[in-house]
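*Asks:* Here it is, the structure, as C-alpha cells.
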Amino acid sequence: MRRHHDMGGLVADPVVPSEHDYAPWEKRIDAIMRLTTGDGELFAIDELRRAIEEIGPGAYDEMSYYERWITAMTNLLLEKRVVSVDELGRKMAEIEARWKAEAAQ
Amino acid sequence: MSDHPQPHPFQPDIEDSPFTRYQVMAESVIELLTEKGVFSADDMRRTLERIDAITPAQGSRAVARAWVDEAFRARLLDNVNAATAELGIDAGPIPIRAVENTADVHNVIVCTLCSCYPRMLLGLPPDWYKSRAYRSSVVREPRAVLEAFGTHIPDGVEVRVHDSTAELRYMVIPMRPAGTTDLDEAGLAELVSRDAMIGTAVI
Amino acid sequence: MSQNFSIGDRVRVRAAYPPGHVRTPYYTRGKEGVVMGLAAVMANAETLAYGADGKPDIPIYRVSFPQTQLWPDYAGDPSDTAVVDIYEHWLVAAGGSKT
C-alpha cells in the first residue's frame, strides 16, 4: 500500500519555481509548532507528521501547507486532551464573532 | 494538484469573510494554549521574531567562510550546527549535514515524505520546495526539474538527490564560481543564493 | 550501539508495506543500494509518531541508490544517484530475504 504523502517518483505537474511571502497567519501556525513540539512539550514532530498524513488523500491536496499543519496540530491537541472539542468550538465562535465585528468597523 | 499558497476560496462555513476557517482554528489554538499556560503571549511574540530573523543569509555566510577557510570547510562538512555556531548562528537542535558540490557531483535536496528543510538555518522553505510537483519529480527526473530552474548539469557530472527522510536536514555547499578571487567574504556571501544551498541553482 | 552495516555494504530495502507512520520511501522498497555511511543513531520515528519515546535508538544509514536501479526507464546520466536515510531495521544484506 502506497500512502498518499509518500509521493517520490509519482507522475506530477511540471515544477514551477513559485513562492510567496508568508502571511502573518502562516507564521503564527509555524510558531505554534515551535512552541508545542520538542522535549517536554505537547507532542513530537513525528506525531505531527503522522497526524498530517492522517488528513487523508483528498483533503491533503486541497489544503495548503499551513492549513494541513493547523488541522493536524488541532487533532493532536484533541487526542491528547490538551483541549476539548467543546472549548475549541466555543473559542472558534468567539474569535469568528470578534473578527467579523472588527472587520465591520 | 499542487500546493497553493493562498487560503483557498471555498469556505463553506465562513462565507464572505476576509479570513478562513483555518485562521480561526489557529487563533483559537493560540488563545486556548495561552490560557492554559502552555506558552505565553510573550513566547509567541519572541517565536515570531525568531522566525522573521532566520534568513538564507545565515547559510550564505557559512558557505562564504567555507570557501575562504579550508579548516572551517572541513568543520562545516563534519557538523553544520557546531560550525555555524562559531559564526554566532544558532542552527537549532536538529542536525544538519552539508553536502558539497564538486566538478564531479551536483547535490540537490528534497523531502519526498513531507517537506523537511533546514529551516533553523535557512528560514521557511519556498512554496515550490513543498509542492507535490517538486517532491514527486526531483527524485525521478532531477535533471528535468533542475532545468525548470534554468540549471543545466552536464552529462558526466553525477546528480545526487538527497531525500531527507530521517530527523536530519541537508544543505548544499555550492562550488565557488571562477573569477571571484578579489571578492572578500561578505562579497562572496552575497553570491550564495538560497536555491544554490538547496541545489536547484548553481552560482 | 552496534551497527549491522558498514560503508560499502550492499543492502536491500525490505519490500514491506505496513500501515502507519513510516520514513522509508515507497520508491526505495525492494531496491538495492550501497551504504555510504552512518547518518545518525536516533530514536525510532515509527514509534515516536504514536506518542512513545522512540527507544531504543536505531542506526540510520545513508544509502546510495543508482537512479537506473530505482527507475528502469531513467533518462538521465547513468552515474546519477539518490541518497536516502534509512533506518537499520528496514535493511537486509543484498542477496538476502526480500522481506
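The numbers here are math on the coordinates, done by the rules we state, and not lab data. All of these numbers come straight from a predicted model, not from anything done at the bench. Here Cβ is always computed from backbone atoms with ideal geometry, including for glycine, and neighbour counts include all displayed protein chains.
*Asks:* Pop out the ³J(HN,Hα) list for the range B:73-90 in order, Karplus 6.51 cos²θ - 1.76 cosθ + 1.60 with θ = phi - 60°, rounded to Hz; leave Gly and Pro as x.
*Replies:* Going residue by residue, I get 4, 5, 5, 5, 5, 7, 6, 4, 4, 6, 5, 5, 4, 4, 8, x, 9, 8 Hz, with x marking Gly and Pro.
*Asks:* Turning to a different aspect of this structure: Counting alpha carbon pairs within less than 8 Å and at least 6 residues apart, what relative contact order, in whole percent, applies to chain B?
*Replies:* 25
*Asks:* I would also like to ask the following. In whole Hz and in residue order, list the ³J(HN,Hα) couplings for the range B:98-110 that follow from phi through the Karplus curve 6.51 cos²θ - 1.76 cosθ + 1.60, θ = phi - 60°; x for Gly and Pro.
*Replies:* Result, rounded to whole Hz: 8, 10, 10, 6, 9, 5, 10, 9, 10, 9, 9, 10, 8.
*Asks:* Here's another thing I want to ask about it. Once you wrap a convex hull around the alpha carbon atoms of the range A:39-104, what is its projected area averaged over all directions, in nm²?
*Replies:* It is 5.8 nm².
*Asks:* Mind ranking B:64-71, B:179-186, C:59-66 by how tightly packed they are, going by the mean number of other C-beta atoms within 10 angstrom, highest first?
*Replies:* Averaged packing, sorted descending, gives the order C:59-66, B:64-71, B:179-186.
*Asks:* Listed highest first by mean packing, meaning other Cβ atoms within 10 Å per residue, what order do B:122-131, C:5-14 come in?
*Replies:* The peptides rank, most packed first, as B:122-131, C:5-14.
*Asks:* Count, for each residue of A:90-100, the Cβ atoms from other chains sitting within 10 Å of its Cβ, then give me the mean as a whole number.
*Replies:* 5
*Asks:* When the Cα centres of the range A:1-57 and the range C:1-58 are compared, how far apart do they sit, in Å?
*Replies:* Their Cα centres are 21 Å away from one another.
*Asks:* Let me ask something additional. Name the shape class, rounded, prolate or oblate, that the alpha-carbon gyration tensor gives for the range B:55-198, where a ≥ b ≥ c are the square roots of its eigenvalues, rounded holds for a/c under 1.5, and otherwise prolate holds if a/b is larger than b/c and oblate otherwise.
*Replies:* Oblate, since a/c reaches 1.5 and b/c is not below a/b.
*Asks:* Here's something else I'd like to know. Determine the calculated [θ] at 222 nm for chain B from helices alone, applying -39500 (n - 2.57) to every DSSP H run no shorter than 4 residues and normalising by the residue count; nearest 500 deg cm²/dmol.
*Replies:* -12000 deg cm²/dmol
*Asks:* So what's Rg/Rh here for the range C:10-93, counting alpha carbon atoms and using the Kirkwood radius for Rh?
*Replies:* 1.01
*Asks:* With a 10 Å cut-off between alpha carbons and a GNM built on chain A, which of A:62, A:19, A:79 moves the most?
*Replies:* Maximum among the listed residues: A:19.
*Asks:* Quote the convex hull volume per residue of the range B:44-95, based on C-alpha atoms, as a whole number of Å³.
*Replies:* Considering the Cα atoms of the range B:44-95, their hull volume per residue is 69 Å³.
*Asks:* Taking 0.36 nm per residue of sequence separation and subtracting the Cα-Cα distance, how much length would be gained by fully extending the chain between residue A:62 and residue A:78, in nm to one decimal?
*Replies:* Here the answer is 3.5 nm.
*Asks:* In peptide C:82-93, how many Cβ atoms from other protein chains are near each Cβ within 10 Å, on average?
*Replies:* Going residue by residue through C:82-93 and averaging, the value is 4.
*Asks:* In a shell of Cβ-Cβ distance under 15 Å around residue C:39, excluding residue C:39 itself, what net charge do Lys and Arg (+1) and Asp and Glu (-1) give?
*Replies:* Residues near residue C:39 contribute -2 overall.
*Asks:* Determine the shielding of peptide B:162-172 by partner chains: average, over its residues, the number of Cβ atoms on other chains within 10 angstrom of each Cβ.
*Replies:* 6
*Asks:* Further question: Could you list log10 I(q)/I(0) for the protein assembly as shown at q = 0.08, 0.14 Å⁻¹, which the Debye formula gives when each Cα is one point scatterer?
*Replies:* -0.45, -1.35
*Asks:* Sticking with this one: Check the straight Cα-Cα distances from residue A:91 and name the lysines below 16 Å, setting aside those fewer than 8 residues away within the same chain.
*Replies:* A:100, B:36
*Asks:* Can you pull out the cysteines in the protein assembly as shown that have no other Cys Cβ under 4.7 Å?
*Replies:* B:114, each lacking another Cys Cβ under 4.7 Å.
*Asks:* For the range B:93-163, what D do you get in µm² per second when you plug the Kirkwood radius from alpha-carbon pairs into Stokes-Einstein at 4 °C and 1.567 mPa s?
*Replies:* 99
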